[in-house]
2 protein chains.
Amino acid sequence: MAKAPPIDKRRNILDAAVRVFARQGFHSTRVSDIADEAEVAYGLVYHYFKSKDEVLNELFTERWSLLLAAIDEADASSNTPREKMSAVAAFIVDSYRHEPELMKVIIVEVTRAANSFGRTHLPEIRRAYDSIAKIVADGQELGAFRRDIDPVFASMSFYGAIEQLLSGWIFEVIPASATDFEQAKELVVATICDGLEPR
Amino acid sequence: MAKAPPIDKRRNILDAAVRVFARQGFHSTRVSDIADEAEVAYGLVYHYFKSKDEVLNELFTERWSLLLAAIDEADASSNTPREKMSAVAAFIVDSYRHEPELMKVIIVEVTRAANSFGRTHLPEIRRAYDSIAKIVADGQELGAFRRDIDPVFASMSFYGAIEQLLSGWIFEVIPASATDFEQAKELVVATICDGLEPR
DNA sequence: CAACCGATTGACTGGTCAGTCAACCAGTCT
DNA sequence: AGACTGGTTGACTGACCAGTCAATCGGTTG
C-alpha cells in the first residue's frame, strides 16, 4: 500500500489558494490562478477538490476548528473569566500574527461574507459565539461579570471588536506591528471588561 | 424645459436594487434582476447608471453620508461623551430598524467587503472611525474616558461591536424585535463605557 | 405638422471561467 | 514484459452575463 509522496500536492494547492485568495479575493481568483501558484496543472485542483468552493471550505474548516478548540480549552481552564476572555483574544490575534493571509481569507471571505459563503458555515461560526457566551455566563454566575448584559450579546460585542481590529490590520486602516498586536490583546479585554470610563 | 416625471425611474431602480441585493447578494444579482424588480427594461438601468457597480456605489454613498453627518452632529452637541456615543449607536441601530434591507446591503456588500467593493470606499469608512475616535479623544481630554486606550482603537471596538450586532440580526443569529433594538442601543454603550465587570 | 430630444426597449455580442474528460505517465504487482 | 492503478496534464465546452446599440415611443417646440 501507501506512498506518502514526499510532496503533498493537495497541501500545496491549499497553501497556494491561501496566497491567491488573500491577494485577489475569492471571487476574482480563477482556478487557473490557484493551479499556477501551486505550479500544478489546472485539472489537478479538481482531482483533489470537488470545486473551487470546496477549497475555501476546507481552509475555513481546518482553521475554525482550531479556534473552537482554543475557546473550549480556555473555558475548561481554571482561570478567571477575564483570563479566559484574554486567552481567546490572544489566540485570535496570534493567529493573525502568524498567518495573516489565511486569517484574511477566513475573515474576508467567510466570516464577514455570511451572505455568499459564510451562509454554509453559519452553524460553526455561531458555535464560536455560543462558546464565548458560555464563558460570559459562567462569569456572571461567579459574580465576576455583571448580570444585566445578555451573554450572547456580550459575546458578539467582544468577538465583533476583535474582528474589527483584524479588519483594520488587514486593510491597513490601523498600524500592525508586533507591539500593536500585544497591546491589542490587552486593550480589547480592558475595553470589554473594564469599559472606557475610568473606575 | 423640465418635467419631473411623476414616477422617478432612477429612484425605482435604486430601490429595486436594494431589495434584490438584500435578497440575493450583489454578486449573484444579474442586472436583469434589478430591471425586472423595478419593472423596467434592461437597458434603462444603463441609462441611469454607468454600471452595476455604480448602482451599489450610489446606495452606499447616499447612506453613508447620513451616518457621517449623524456622527458629526452627535459630536457637535453639548452632551457628555457617553451620550454622544449613545447617539451614534442609536442612529445606526435605528437605520437598521427602519431600513433593514438597505443596511444589510451596505454592511454585507460594502463595509464588510472591504476587499472587493469596500476598497473603493475605505476613505469614507475610515472617516467614520476617525470621527468616532474624535469623540473618544475629547472624552479623554475631559476626563470622562480613561486615557490609556487609543481613541482609534476604542472607536474600532465600538463600531465593530455594533456592526457585529447588525450582522447577528441580518443573519438571524440573534433575535431582532423592537425591544431587542432598544436594549441593544443601551447595552453596547454600557458594555463599551462601563465594561462587563461590575463597578 | 415636422423636427427634435430624452426616455425606454430588449436583442445581441464578446469575454470570461468553472468544470469535464480523454490521454499520458510512473510506479507496482505478477 | 504486460497489465493495472492512481496521479497528472491541459485543451475544450457550455453557461452565464455585463454592457452595447439601433430602434421606438411620447412629449414639446416652432
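Every number here is computed from the coordinates shown, using simple stated rules; none is lab data. Just so it is clear, the model here is predicted, and its values are computed rather than measured. Quick reminder, even Gly has a Cβ in these numbers, built from the backbone with ideal geometry, and neighbours come from all protein chains shown.
One table, with the values for the structure above:
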{"read-out": "GNM result for chain A, Cα springs below 10 Å: residue of A:Val93, A:Val173, A:Val18 fluctuating most strongly", "value": "A:Val173"}
{"read-out": "Spherically averaged projected area of the protein assembly as shown from its Cα convex hull (nm²)", "value": "24.1"}
{"read-out": "Length-normalised contact order of chain A in % [C-alpha pairs under 8 Å, at least 6 apart]", "value": "20"}
{"read-out": "Mean separation of Cα contacts under 8 Å, 6 or more apart, over the residue count of the stretch B:126-192: relative contact order %", "value": "28"}
{"read-out": "Environment charge at B:Glu163 (Cβ cut-off 11 Å; Lys +1, Arg +1, Asp -1, Glu -1)", "value": "+1"}
{"read-out": "GluC sites (Glu not before Pro) within the stretch B:8-73, DSSP loop, no more than 11 other Cβ atoms inside 10 Å", "value": "B:Glu39"}
{"read-out": "Most fluctuating residue given options B:Gly143, B:Gly25, B:Gly118, as computed from a GNM of chain B linking Cα atoms under 10 Å", "value": "B:Gly143"}
{"read-out": "GluC sites (Glu not before Pro) lying in DSSP loop within the stretch A:162-199, provided at most 15 other Cβ fall within 10 Å", "value": "A:Glu172"}
{"read-out": "Trypsin sites (Lys or Arg not before Pro) within the stretch B:33-73, DSSP loop, no more than 13 other Cβ atoms inside 10 Å", "value": "B:Lys50"}
{"read-out": "Rounded to 10°, Cα long-axis angle of helix A:9-24 versus longest principal axis of chain A", "value": "70"}
{"read-out": "Crossing angle, helix A:52-76 versus chain A [Cα axis fit, 0-90 degrees, rounded to tens]", "value": "30"}
{"read-out": "Ellipticity estimate at 222 nm from DSSP helix runs (n ≥ 4, -39,500 (n - 2.57)) divided over chain A, nearest 500", "value": "-22500 deg cm²/dmol"}
{"read-out": "Charge dipole (debye, nearest 20) of chain B; +1 at Cβ of Lys and Arg, -1 at Cβ of Asp and Glu", "value": "420"}
{"read-out": "Long-range tail of P(r) for the stretch A:44-199 (Cα pairs > 29 Å, %)", "value": "20"}
{"read-out": "Relative contact order, percent, the stretch B:88-175 [alpha-carbon distance under 8 Å, six or more residues apart]", "value": "26"}
{"read-out": "Computed label-point distance, nm, for sites A:Ala76 and A:Lys9 using a 7 Å Cα→Cβ extension", "value": "3.8"}
{"read-out": "Pair A:Tyr42, A:Ser28: separation of 7 Å Cα→Cβ label points (nm)", "value": "2.1"}
{"read-out": "Cut-off 11 Å between beta-carbons: net charge of the residues surrounding A:Gly118, Lys and Arg +1, Asp and Glu -1", "value": "+2"}
{"read-out": "Separation between Cα centres of the stretch A:105-151 and the stretch B:38-100, rounded to whole Å", "value": "27"}
{"read-out": "Cα gyration tensor, the stretch A:136-184 - rounded (a/c under 1.5), prolate or oblate", "value": "prolate"}
{"read-out": "Dipole of the protein assembly as shown [Lys/Arg +1, Asp/Glu -1 at C-beta], most positive-end residue of B:Ala178, B:Ala154, A:Val189", "value": "B:Ala178"}
{"read-out": "Principal axis box of the stretch B:1-77, alpha-carbon based, largest edge first, Å", "value": "47, 40, 18"}
{"read-out": "0 to 90° range, to nearest 10: angle between helix A:178-189 axis and chain A longest Cα axis", "value": "50"}
{"read-out": "Given charges at beta-carbon only (K, R positive; D, E negative), |dipole| of the stretch B:160-199 in Debye", "value": "60"}
{"read-out": "Potential extension, A:Glu141-A:Arg126 segment - 0.36 nm per residue separation minus Cα distance", "value": "3.2 nm"}
